[in-house]
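The values are calculated or read from the model by the stated rules, or taken from the named source; none is laboratory data. Quick caveat, the model's predicted, so the values are computed rather than measured. We place every Cβ from the backbone using ideal geometry, glycine too, and count neighbours over all the protein chains shown.
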Amino acid sequence: MTTSPLERAADSFAVELGRHRVERGLSKKQLATLMGFDPSYVSHVESRRHRPTEDFARRAEAVLEAGGAIWQRFREYDDLRHARTAPPHRDPPVPGQWLPPGTGLIVEHELASLTYRDGQYHCVVRRDLYNAGTDPVTRYLARVAVDRYPNDPGRSNRHHRDHPLTFAELQLRAYRDDRGEREPMHWRAKHDRDAFKEFWLLFENADGRFPLYPGDRATIEYEYCVGQEKWGRWFQRAVRVPTRALDVRLDLPTALEPQVWGLETSLSAEEGPLRTPVQRHDDGDRAIFEWATENPPLNARYRLQWRFRNPPTTVSRRNGASADPARPRPSDRMRAAGIVQRGADLLRQPVRQFDLPEEEAVARDVVDRLLTALAELDELHRFSRGVGLAAPQLGLSCAAAVVRPPDRGAEPVVLLNPRVVDSSPDTDEQYEGCLSFFDHRGLVPRSLRLDVEHARADGSRLITSFAFGMARLVAHEIDHLEGRLYVDRMAPGVPLVPVEEYRETSHAWRY
């Protein structure tokens, strides 16, 4: 079934309206109240039952302060509705014409730079502005958003709820660059949420006001800091104001062996790789990654992501270990990350079963701690065969474990009160490692299939079958809950292989 261009334009307006409403944390009823409309009308527009009017679009743009995005979608819809098409010879409209009167601000060039040092991310955003509108501009809306686990919204929300971002830690500073002289700019908070800060940069300070008048240009710059415990390894730029050129720069330590890649998306295209590659050059002990684009479409989003093949030293310092520049032993890195190591009595003791559903809250808290630790471990080491973590390895004597499959995009499997109810007689031998014994690898026989009965947090039980690599990972974690290590499964006389001599790192399981 196909839709007409007019219907698609109306749908785009509804999507834009809904997206900005959700970003502002407003319900449909709250938005309607602010706009002076009946709540049912907002609901009908978002659900495509009613078409938007010009008055509705202008009020929505003003209330949600969408940088012209909502107004642009309405103009596209309205042009189609009235069958107004531009002559073929007509030049495309300049960005200022996309916006309602009074909001014709254009970013002629944005340079966004992010530097990582000693566990802190320092961001500097510099924008060259041009007022193409009809009224003076006295403030500029800026945002800071963090997402510790961008691939797991639930976990990220819980993390930031427990560890909210604060304006105090941002150390926010802003300036207007006027002919080489940096004039401080005051700022005022607009929205203050756990993982999202929105603020007005004011064209004023204690010495006076300096509005950006129609036809004038100015350069503004603001900077802030966020610790790595709150900043996920991504840096996103969203085009909310018509922009002529965008440059993004990452400055990372070469010692951490950073690997960087990029993604982009827009209202008309699904997420995909950047159309041009990220460029790298090294400057002493710093790896500089740069990417640029011209005339990005309004509401396009560009994201640079990275990983460190070597762990940041701040992970060790946060857990009480020294920040020795020499690379520590693998087991030292795990110990510094809070993983209980071989020799601890807890690893040799069967754990306590949860009393579910009475202990549902306790079980969920333990699982959350396991998932958080697992995500942090992923930053220390690339587990190409998947990885598991059992509660005793975090010093918790309870029957909980999580297992992440080799596919890094797959959701971790949660095991509460697990027990093996059936296994295949067919076995094979593969090398295993253990977070609690990370200096060595050992050849361990395991069954090729396991049937495991385990519980949900509400007390209901289910049986899940695991095969090949997942069967091995799950069996390894269940052993931990029973007080066993993989060395107990090895055949007599089979030696352990020091990790320095092991040659199968980063190779997938072989079946």
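Of all positions in the stretch 239-255, none carries a residue that is closer than 30 Å to LEU105 by Cβ and either within 14 Å of the chain's Cα centre (by Cα) or not assigned by TED's automatic domain parsing to the domain that holds VAL124 (or both).
Screening the stretch 388-411 for residues that are out of contact with any Asp or Glu (no Cβ under 9 Å at 6 or more places or on another chain), assigned to a loop (DSSP other than H, G, I, E, B) and of a type outside the set (Asp, Glu) and picking the one that is nearest to ARG510 (Cα to Cα) gives PRO406.
Among residues of the stretch 116-156 being assigned to a loop (DSSP other than H, G, I, E, B) and β-branched (Val, Ile, Thr), the one that is farthest from ARG303 (Cα to Cα) is THR134.
Flag: ASP192 does not match the condition of being in a strand (DSSP E or B), over 27 Å from the mean Cα position of the chain (by Cα), over 20 Å from ALA300 (Cα atoms) and among the charged types (D, E, K, R). If you go through the stretch 282-305 and pick out every residue that is within 18 Å of PRO242 (Cα to Cα), of a type outside the set (D, E, K, R) and part of a strand (DSSP E or B), you end up with 3. Contact map, the stretch 8-28: residues that are outside the structural domain of GLU46 (by TED's automatic domain parsing) paired with residues that are surrounded by fewer than 16 Cβ atoms within 10 Å (Cβ to Cβ) and in a helix (DSSP H, G or I), Cβ distance under 6 Å, separation 6+ or inter-chain. No pairs are found. Filtering the stretch 412-440 down to residues that are among the acidic types (Asp, Glu) and part of a strand (DSSP E or B), which residue is surrounded by the most Cβ atoms within 10 Å (Cβ to Cβ)? So, considering only residues that are among the acidic types (Asp, Glu) and part of a strand (DSSP E or B), the one surrounded by the most Cβ atoms within 10 Å (Cβ to Cβ) is GLU432.
In summary, ALA195 fulfils each of the numbered conditions (1) out of contact with any helix residue (DSSP H, G or I) (no Cβ under 7 Å at 6 or more places or on another chain); (2) of a type in the set (Gly, Ala, Ser); (3) surrounded by 13 or more Cβ atoms within 10 Å (Cβ to Cβ) with the single exception of condition (1).
Checking each residue of the stretch 292-302 against the condition of being farther than 24 Å from TYR140 by Cα, over 18 Å from the mean Cα position of the chain (by Cα) and at pLDDT below 90 gives no match.
Could you tell me whether any residue of the stretch 463-486 is under 23 Å from LEU394 (Cβ atoms), assigned to a loop (DSSP other than H, G, I, E, B) and at pLDDT below 90? The answer is no, given that none of the residues of the stretch 463-486 is under 23 Å from LEU394 (Cβ atoms), assigned to a loop (DSSP other than H, G, I, E, B) and at pLDDT below 90.
The set of residues from the stretch 115-151 being touching a Lys or Arg at 6+ places or on another chain (Cβ under 9 Å), surrounded by fewer than 17 Cβ atoms within 10 Å (Cβ to Cβ) and farther than 29 Å from GLU379 by Cβ comprises THR138, LEU141.
Between residues in the stretch 206-218 that are under 11 Å from VAL137 (Cβ atoms) and residues that are hydrophobic (A, V, I, L, M, F, W, C) and in a loop (DSSP other than H, G, I, E, B), which pairs lie under 9 Å by C-beta distance while being six or more apart or on different chains? The qualifying pairs are PHE210/MET185; PHE210/PHE203; PRO211/PHE203; LEU212/PHE203; PRO214/ALA132; ALA218/PHE203; ALA218/PHE210. Any residue that is hydroxyl-bearing (Ser, Thr, Tyr), touching a strand residue (DSSP E or B) at 6+ places or on another chain (Cβ under 9 Å), within 30 Å of HIS381 (Cα to Cα) and not in a strand (DSSP E or B) - is there at least one of those in the stretch 222-234? No, the stretch 222-234 contains no residue that is hydroxyl-bearing (Ser, Thr, Tyr), touching a strand residue (DSSP E or B) at 6+ places or on another chain (Cβ under 9 Å), within 30 Å of HIS381 (Cα to Cα) and not in a strand (DSSP E or B).
Do we have any residue at all in the stretch 381-396 that's surrounded by fewer than 20 Cβ atoms within 10 Å (Cβ to Cβ), farther than 26 Å from ASP488 by Cβ, in the same structural domain as ASP332 (by TED's automatic domain parsing) and within 26 Å of the chain's Cα centre (by Cα)? Within the stretch 381-396 (the criterion being surrounded by fewer than 20 Cβ atoms within 10 Å (Cβ to Cβ), farther than 26 Å from ASP488 by Cβ, in the same structural domain as ASP332 (by TED's automatic domain parsing) and within 26 Å of the chain's Cα centre (by Cα)), the answer is yes, since at least one residue qualifies. The residue that is surrounded by the most Cβ atoms within 10 Å (Cβ to Cβ), counting only those in the stretch 41-63 that are over 26 Å from ALA142 (Cα atoms) and hydrophobic (A, V, I, L, M, F, W, C), is VAL42. The residue of the stretch 64-79 that is surrounded by the most Cβ atoms within 10 Å (Cβ to Cβ), among those that are farther than 14 Å from LEU6 by Cα and modelled with pLDDT of 80 or more, is ILE70. When ARG510 is tested against (1) closer than 20 Å to ALA390 by Cβ; (2) outside the structural domain of ALA336 (by TED's automatic domain parsing), just one condition goes unmet, and that condition is (1).
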